[in-house]
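My questions will all concern the structure given below.
The values are calculated or read from the model by the stated rules, or taken from the named source; none is laboratory data. Just so it is clear, the structure is predicted and the values come from calculations on it, not from any experiment. Here the Cβ is made from the backbone with ideal geometry for all residues, glycine too, and neighbour counts use every protein chain on show.
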Amino acid sequence: MLAIETVHSMVVGRELHALRDAIIDSAPAEVAELLSLLSTEERVLIFRILPREFAAEIFAELDVDLQSTLLSGLGDRHTARLLDEMAADDRTALLEEIPAEAARKLLALLPKEEREVALTLLGYPEGSVGRLMSPDFLTIQQDWKVREVLDHIRAHGRESDSLDTLYVVDSKGVLVDEVSVKNLLLASLDDEVVSLMNYKFEALAVQSDQEQAVELFKKYNRPTLPVVDSAGVLLGIVTVDDILDVQEEEVTEDIQKLGGSEALEDAYIRTPVTTLIQKRAGWLLVLFVGEMLTASAMTYFEDAIQRAVVLALFVPLIISSGGNSGSQASTLIIRALAVGELRLKDWMSVLRREFIAGISLGALLGAVGFLRVLIWAQFVDTYGDHWLALAFTVFFALLGVVTLGSVAGSMLPLGLKKLNLDPATSSAPFVATLVDVAGLILYFTVAMLLLSGTLL
């Protein structure tokens, strides 16, 4: 990649031809990274000296803020050329991100045909496959010979977003089958397309959710998939690079929710502080109210604490262990649901596995807690004469709390999924707060059973 100092030097020295040649020899993604480090004036200058097609490739790699800034500096003529050269799906992504008024101005700069394509794609629901698809693809007829298909590719291949697969349609544009270019190249020139068809293909519905498209791409391991309407008419194609962007957005959203916050619509650094506060305040209030229940539970057992202050020493240990086990379970289940490893019908298997895991982990932590009391009792008199009963209290409380946390943390995401809610909203902090309250109740209940007549 070109060094920033080299670019600065070439711009100052007006060595524009040399700069143009050096940039053309670089990959579009590398140039986009370089442009993000330059001033607006330098970006505009570079875009004005680049070939239109290459400039459009670089432009598609920039984030929306840089794209908007660059367009405002290029002027209408260069902006129109750049938008015209952009792939339709990349252009749609830009137009749906910028303010409506700016989008209308950009649409007005497009030629009539391209403007109609842009408006058609923007007409599909937000988050649908229709917003992702590209209308630039090649179709062929089943009665064509391979020789005719290859001639068709040579004549129109540059207009297509992908050439790994060609789509066979009938006279009404209905998708009949798909044929890989590899099979075409290996076939005889006089073979007909129909001889290469097996009528086995997968297609995306134009109105379906983008998340479904992600699942199909993962399932069939394809670089492209066709998009059809309810009548089976081929409307466009979706390429894997767009699917990777969708998947990244989904993962980012889930991670943000797992942290106990609403998902951000924009990048963190571009999100106003006021929006950050709004997104986080709601969940913080919910969690705070939940923790108030913990205080209420402590108040309920106030008499027990006054009679055996030593019980309070283990409260943080007990509730944190339950919260941690619940957070672990919920995170594992939420991710398993997100990647399709789990289905709702697997709930009984999940319950059984987490119950066993919870008891095992609880016994492990309980044993450590038991040893902690036992060893301390040999050197200090903190726990008094009834240290053994206290040790058993800690053991059984940890056993129960960790088991409860594992079961609750695994079942809550599945329950939300059953209600058609996002499982990620059962974030780790939320599960931990619920288990805190239940853990306190369980701990003091065990203490009253085992320490009654001694410490209590």
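Scan segment 425-445 and give yes if some residue there is crowded, with 23+ Cβ neighbours inside 10 Å, in contact with a helix residue (DSSP H, G or I) (Cβ under 7 Å, 6 or more places away or on another chain), small (G, A, S) and not in a helix (DSSP H, G or I), otherwise no.
Yes; the residues of segment 425-445 include at least one that is crowded, with 23+ Cβ neighbours inside 10 Å, in contact with a helix residue (DSSP H, G or I) (Cβ under 7 Å, 6 or more places away or on another chain), small (G, A, S) and not in a helix (DSSP H, G or I).
Could you figure out which of (1) of a type outside the set (A, V, I, L, M, F, W, C); (2) within 14 Å of V350 (Cβ to Cβ); (3) at pLDDT below 85 isn't true of K418?
The number of the failed condition is (3).
Another question, then. Can you name the residue in segment 220-260 that is among the small types (G, A, S) and outside the structural domain of T165 (by TED's automatic domain parsing) and is also farthest from the chain's Cα centre (by Cα) among such residues?
G260
Provide a single number: the residues in segment 121-168 that are of a type in the set (S, T, Y) and more than 26 Å from the chain's Cα centre (by Cα).
Summing the residues that are of a type in the set (S, T, Y) and more than 26 Å from the chain's Cα centre (by Cα) in segment 121-168 gives 4.
Another question, then. Evaluate the following for S360: is it surrounded by 20 or more Cβ atoms within 10 Å (Cβ to Cβ) and among the polar types (S, T, N, Q)?
No, not satisfied.
Consider segment 138-153. How many of its residues are touching a Leu at 6+ places or on another chain (Cβ under 8 Å) and acidic (D, E)?
0
Collect the residues in segment 298-336 that are more than 20 Å from F395 (Cβ to Cβ), of a type outside the set (V, I, T) and modelled with pLDDT of 85 or more, keeping them in residue-number order.
Across segment 298-336, the qualifying residues are S327, Q328, A329, S330, L332, A336.
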